[in-house]
Each structure stands twice: as C-alpha cells, then as structure tokens.
Amino acid sequence: MRFVRNEHWTRTAELKTFQEPETHMLNVEQVRRDFPILDVEAHAGVPLIYLDSAASSQKPTAVIEAMNQYYREYNANVHRGIHRLSEDATNAYEEARGRIGRFINAPYEETIFTRNATESINLIAYTWGRANLRAGDEILTTALEHHANIVPWQMIAEMTGATVRYLPFNHEDGTLALDQLPNYLTERTKVFAFTAVSNVFGTIMPVRALVDAAHAVGAIAVVDGAQAVPHKPVDVKAWDCDFMAFSSHKMCGPTGIGILYGKRDLLAAMPPFMGGGDMIRRVTLAGSTWNDLPYKFEAGTPSIAEGIGLGAAVDYLTELGMDNVHAHEAFITNYALEALSDVKGLNIIGPPANQRAGVAAFTLEGVHPHDIAQLLDADGIAVRAGHHCAMPLHKELGITATARASFYVHTTTAEIDALVLSLNKARKTFGY
Ligand code: 7TS
C-alpha cells in the first residue's frame, strides 16, 4: 500500500502499489513538458486532467511549431507553383506523406490523404463499394463499431441493394463473438469491415486472424485503425488488410487530416472519389483521365499545414517509440482498472486490462454519465459521456450512455488517483 498525494487534492488516498513493467520506458514527466496545454488550468486554480484522448488527443509543441513554421515561412499551394515557397511546401507535404506511410509500413502510393477516418471509410464505401457491390452481396461489420464504420456501409447498401450484417459481441467482456463468425462470414460476404480497437470497450481485436478469415471467403478486409494507430505499432503489411483508415487528431496531430491505406491493385481499379484539380492527368471537354496513385483520390487543394503537422506527430511518436507508448498505456490501463474497481457501484464495461487499449467506459450506480462528466469537470477532469458514436453497442448492452476515461502518453497514476477521488465524491453527492 502507498499513499498518493496530488497537489490539487487536499486529502490522501490509499491505493494499491503497481510495479512498472520493464518495457515501460516513457519518461512521463518529460513527455508532459512537450504538451503546453497541460499547463493550462481547467478552471481558475484547478489544474487540467485530460482523460479524453480517445475523442481527440492533445498536441505537442513539435506539431504546433511545424504548422506555425509552414504558415510563417513557406505558406503556398502544393503541386502547382514553381516558385520557391510552393516547392518548399510541396516537399514538406510529400515528405510528411512518406514518413506517415512508413509509420504504418505503407508504400508512398498506397498512402492517401483524407480529412479523417470517417472520410477514409466513406471513400472505400463509395468507390470500391459502388463498383463491386450488388443485390445479394453482403457487407459484414460488427455491432460494436463506431458509427463511422456502420453508416457509410448502410448508405452504400441502400444504393447497391447489398445487405449489411453485424457480427455480435460478447456482452460480458466486449470481445467479438468469434464462435459465430462462420454464420456471418460466408461466400456472400464481399467486405468485412471491423475496428482494430473498440473506442468504447477498448478491446484489441485479433486483426490478422479476422483479415485471414475474410480472405478465406473471398471478401476484402477493411480495418478501422482510428483507435489503434495512435496507441500501438501498426504494420498494414503484417495485417495484410486491403484497406485501413485512421485520423491524425487522435495521434498528436491536427484535425482535418487522416489517412486511407489501400492495396495498390485495389486502388488502381477503383474509380476516383471526388473530381477536380490535382486528381486528373488530362481534362478535355469530352472527358478526363486520372492521375497516378495516391493523387487520384485527392481532389482539390489539400490540408497542407495539417499534412505537415501529422508528419511532425508521426516523428514525435516515433521518437517516443510506439512500443513504449503501448507499454505505458498498458501500465496506466492496468492501474486504472484496479483503482476504479474500488469505487462502489462503478461498473467498467469491456475486457480485462491485458486485452484492452487505454480506454475505460463505465457506469456509476445512481449517477447519470452526463452528471458524472459534469462533476468531474468541476474538478478539472475531462472525460467523455454519452454513446461515443456507438449507439448500437450501447443499445445491445441495454444502456443509453457511459462515461469514458481514456489515456495517452502523458497520463499519470496521480491523474487516475484524482479520477477515483472525484468519482467517490460524485457518488456521495448523489447519496450513494
Ligand atoms: N473509428 C473509431 C474506432 C473511432 O473511435 C472514431 C472516433 C472514428 C472512427 C471516427 O474518427 P473521425 O476522426 O473520423 O471522427 N471516435 C471518437 C470517440 O470515441 N469519441 O469521439 C470521437
């Protein structure tokens, strides 16, 4: 047992002692100095405890500065001018693409800039889906997905006459009901779209096994990597997935930019997503031909500062080491699950710590998740409350909402201790 004292807290709490794993190599105090927002007070005199990285991560100085530098020193459009600024901007933007691709082991021409994971999945549904799906075909996704991996498939099913099916999950631990997979993944299935990590349960999915199962019935495998790429090493070639989507803003990068990875042959055979500048080779009044990959899928002036910012985020995470990022989150998640289990009436949904990424969604008996979030906010603690864009998941569980704490490279055990104290306070406020 040890006593933990957090500057912000006037009382001390008795909490369990955890041994830091040997692979845990992040110097968290040093990491915290990289994030200027962590010095900002949530309210006057109340320090910020940011436990909402699964919704959007905070940004290190290196990312903010890379974007500032672009605007201050070489702001210009890319792929167009032959003047110095435009050349510098093009080089920085395209070099960022190369580094982002290497981060997930994707070749340059298979690394497509989009606005976010949502747009990446829509791009696949609208282009690959419209060209390849017809009545009688099935799209398989799962009942625990984020809406971004459900709604585009429903829309494309409506357009093509295909049917969407949903692999159930095990309610007690938030894992997929893999024993039922043969009933859902059949020769009618043309696409199997699933998340690598659940944004609510935190479940880490067996991606390679699911990809192999999809390929065994002749389906393509689409991986939603939005909650995976920011938190652990990801290698799209080792996964052998056909497509993978993720967002910059959840991995220390800016909003407004994301990535679609796709296998070259599939991308080459797909029609473009949007038409306009940059995505064409030649335009005549009679018709147009398309640019090479990856530009064929990138119509119009892109998010240049954001691409450069994501490149800086990838550099930052690479410098920390993704194995270390993952190890730190595993340590914090383990600590959090133990510490939260001491809060009376608190029920955490999802798997045990060893199968879970840095997410803990929970209910607290007698306190609505929105009230939890509001009471935590008064103590400077930022969590998300609601359905987390996973309404079917919550409906399956028979609940409307949960509160969710999520962790990242800067999360400390002291912050978890503060969360536990604040939740106990909330419980007492509501008379439980
Ligand atoms: N897929 C998963 C698994 C996600 O968690 C999210 C965002 C998305 C896709 C969509 O990402 P976007 O950047 O395109 O919006 N998840 C959350 C969340 O859990 N809380 O806020 C956003």
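The values are calculated or read from the model by the stated rules, or taken from the named source; none is laboratory data. Just so it is clear, the model here is predicted, and its values are computed rather than measured. All Cβ positions, glycine included, derive from the backbone under ideal geometry; neighbour counts span all protein chains shown. For accessibility, only protein heavy atoms count, side chains too; no ligands or nucleic acids. Shrake-Rupley method; radii C 1.70, N 1.55, O 1.52, S 1.80 Å.
In nm, give the distance between the simple-model label positions of ASN68 and SER341, each being 7 Å from the Cα along the Cα-to-Cβ direction.
Between ASN68 and SER341, the simple spin-label model gives 4.5 nm.
For the chain, set up a Gaussian network in which alpha carbons nearer than 10 Å are linked by springs, and say which option among ALA117, ALA125, ALA286 fluctuates the most.
Judging by the Gaussian network model, the answer is ALA286.
With +1 assigned to the C-beta of every Lys and Arg and -1 to the C-beta of every Asp and Glu, and no other charges, what is the dipole magnitude of the chain about the Cα centre in debye, to the nearest 20?
Using Cβ point charges on Lys, Arg, Asp and Glu, the chain gives about 600 debye.
Taking Cα centroids, how far is segment 351-418 from segment 166-225 in Å?
24 Å
If you place +1 on the Cβ of every Lys and Arg and -1 on the Cβ of every Asp and Glu, how big does the dipole about the Cα centre of segment 157-228 come out, in debye to the nearest 20?
Using only the charged Cβ atoms, the result is roughly 220 debye.
If you average the sequence gap of Cα pairs under 8 Å that are 6 or more apart and divide by the length of segment 63-318, what percent do you get for the contact order?
After rounding, I find 25 percent.
Longer than 18 Å from Cα to Cα, which of LYS190/LYS395; LYS237/LYS263; LYS344/LYS395 are they? Say none if no pair is.
Violating the 18 Å Cα-Cα cut-off are LYS190/LYS395; LYS344/LYS395.
Subtract the Cα-Cα distance of LYS428 and GLN154 from 0.36 nm times their separation in residues, and report this length gain in nm to one decimal.
Here the segment from LYS428 to GLN154 would lengthen by 94.3 nm.
What is the packing order of peptides 45-51, 331-337, taking the mean over residues of other C-beta atoms within 10 Å and listing the highest first?
331-337, 45-51
In nm, what is the difference between 0.36 nm times the number of residues separating SER288 and ILE399 and their Cα-Cα distance?
Gain in length upon complete extension: 34.9 nm.
For the residue pair ASP39 and SER56, what label-to-label distance in nm results when each label sits 7 Å from Cα along the Cα-to-beta-carbon direction?
Calculated label separation equals 2.2 nm.
Which percentage, to the nearest 5, of the DSSP beta bridges contained in the chain is antiparallel?
65 percent
Between ASN75 and ARG208, what is the FRET efficiency for a Förster distance of 60 Å, r being their Cβ-Cβ separation, to the nearest 0.05?
Given R0 = 60 Å and the Cβ-Cβ separation, E is 0.90.
Mind giving me the FRET efficiency for ASP323 and ARG281? R0 is 41 Å, r the Cβ-Cβ distance, nearest 0.05 is fine.
Approximately 0.50, to the nearest 0.05.
Using the basic label-point model (7 angstrom from Cα toward the beta carbon), what is the THR255 to VAL28 distance in nanometres?
Reported label-point gap for THR255 and VAL28 is 2.8 nm.
With a 1.4 Å probe and all protein chains in place, put VAL217, VAL40, VAL343 in order of accessible area, largest first.
Descending accessible area places them as VAL40, VAL217, VAL343.
Please compute the net charge surrounding GLY98, taking Lys and Arg as +1 and Asp and Glu as -1 over other residues with Cβ under 13 Å from its Cβ.
That sum, taken over residues with Cβ under 13 Å, equals -2.
When ranked by the protection proxy of mean other Cβ atoms within 10 Å per residue, highest first, what sequence do the peptides 236-249, 264-277, 384-397, 353-366 form?
236-249, 353-366, 384-397, 264-277
Can you figure out the FRET efficiency of GLU172 with HIS83, using R₀ = 51 Å and their beta-carbon distance, to the nearest 0.05?
Rounded to the nearest 0.05, the efficiency is 0.25.
Where does the chain land at 222 nm, in deg cm²/dmol rounded to the nearest 500, when only DSSP H runs of n ≥ 4 count, each adding -39500 (n - 2.57), divided by all residues?
Computed mean residue ellipticity for the chain: -10500 deg cm²/dmol.
Along the charge dipole of the chain, Cβ charges K/R +1 and D/E -1, which of ALA54, LEU364, ALA117 sits furthest on the positive end?
Checking the options against the dipole of the chain, the answer is ALA117.
Which of the peptides 257-263, 201-207 is most tightly packed, and how do the rest follow, going by the mean number of other Cβ atoms within 10 Å of each residue?
In decreasing order of mean packing, 257-263, 201-207 become 257-263, 201-207.
Let me check something: with ligands and nucleic acids excluded, how do TYR126, TYR166 order by accessible area (1.4 Å probe), largest to smallest?
TYR166, TYR126
Considering only protein heavy atoms, with the full assembly of protein chains and a 1.4 angstrom probe, order ARG32, ARG282, ARG99 by accessible area, largest first.
Result, largest first: ARG282, ARG99, ARG32.
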